[in-house]
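S.K.: This is the structure I want to talk about, given as structure tokens.
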């Protein structure tokens, strides 16, 4: 079973179609969005666009797989909501891992989107719905939980623990043995040298938490 339905019509969905078409054995057969967002044009990248509410009528659970490569808005909670909707329908998910990534662990969950030039060292554990854009370094024995987003060129040192919904900006650096609390927003080029607090926004070198700022309020 290698036929895949992609949720979404924006950049992440278009990129997922490109990567799956050019660097995998998967066959993208359709895109889907909620009925209220269906465009007048009912095809995208040469394949049909269908309403998510009835997608299983055309693409039954028994014969098709799903991919939800959504952007990190609202600290990945929108991605989580759609992922759970798809899961409730009973679909199985794929993960895309670039053939140009160096991956030295087998412990990667479902619905992950891992692009080229990522280096993932041994004994790393990655949860579900994790996005890693290009060029990140993920240090040995680190644990990355569900719904986490890495942009590009993030350095995560060894033995780190990343809680759910966290976000890492370009060129962020995290010292070894750090715990990144749930919902932490790590800004571009920030350097984390101590554990963070949940739903905080951290910027600077060394990074400090912005007072009276909740990570869900950050525009992504």
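The numbers here are math on the coordinates, done by the rules we state, and not lab data. For clarity, every value in this text was computed on a predicted model and none was experimentally measured. Don't worry about glycine lacking a Cβ; one is built from the backbone with ideal geometry, like all the others, and counts go over all protein chains shown.
S.K.: Using only Cα atoms, tell me the angle between helix 11-22 and the longest principal axis of the chain; keep it within 0 to 90° and round to the nearest 10.
M.R.: 70
S.K.: Take 43, 196, 179, 32 and order them by how many other Cβ atoms sit within 10 Å, fewest up front.
M.R.: Ascending number of Cβ neighbours within 10 Å: 43, 179, 196, 32.
S.K.: In what sequence do 1, 70, 132 fall when counting other Cβ within 10 Å, fewest first? List each step's numbers first, then the result.
M.R.: On the way: 1 10, 70 24, 132 27.
Listing 1, 70, 132 from fewest to most nearby Cβ atoms yields 1, 70, 132.
S.K.: In addition: Please report 83, 147 as a ranked list, fewest other C-beta atoms within 10 angstrom at the top and most at the bottom. Mind showing how you got there, number by number?
M.R.: Values: 83 22, 147 25.
Ordered by Cβ neighbours within 10 Å, fewest first: 83, 147.
S.K.: Here's a follow-up. From the Cα gyration tensor of region 3-93, with a ≥ b ≥ c the square roots of its eigenvalues, which class applies: rounded if a/c is under 1.5, or else prolate if a/b is larger than b/c, or else oblate? Present the calculation step by step, with values, prior to reporting the outcome.
M.R.: Values: a/c = 1.15, a/b = 1.07, b/c = 1.08.
Verdict is rounded for region 3-93.
S.K.: Compute a Gaussian network model of the chain, connecting alpha carbons closer than 10 Å, and tell me which residue from 139, 204, 158 fluctuates the most.
M.R.: With Cα springs under 10 Å in the chain, the top fluctuation among 139, 204, 158 is at 204.
S.K.: Restricting to Cα pairs below 8 Å that are 6+ residues apart, what does the relative contact order work out to for region 46-204? Please round to a whole percent.
M.R.: Value for region 46-204: 13 percent.
S.K.: What percent antiparallel are the DSSP beta bridges of region 3-93, to the nearest 5?
M.R.: Given both bridge residues lie in region 3-93, the antiparallel proportion sits at roughly 15 percent.
S.K.: How far is helix 77-89 tilted off the main Cα axis of the chain, in degrees rounded to 10, range 0 to 90?
M.R.: The answer is roughly 40 degrees.
S.K.: Looking only at 150, 67, 37, which one moves most when the chain is put into a Gaussian network model with springs between Cα atoms under 10 Å?
M.R.: 37
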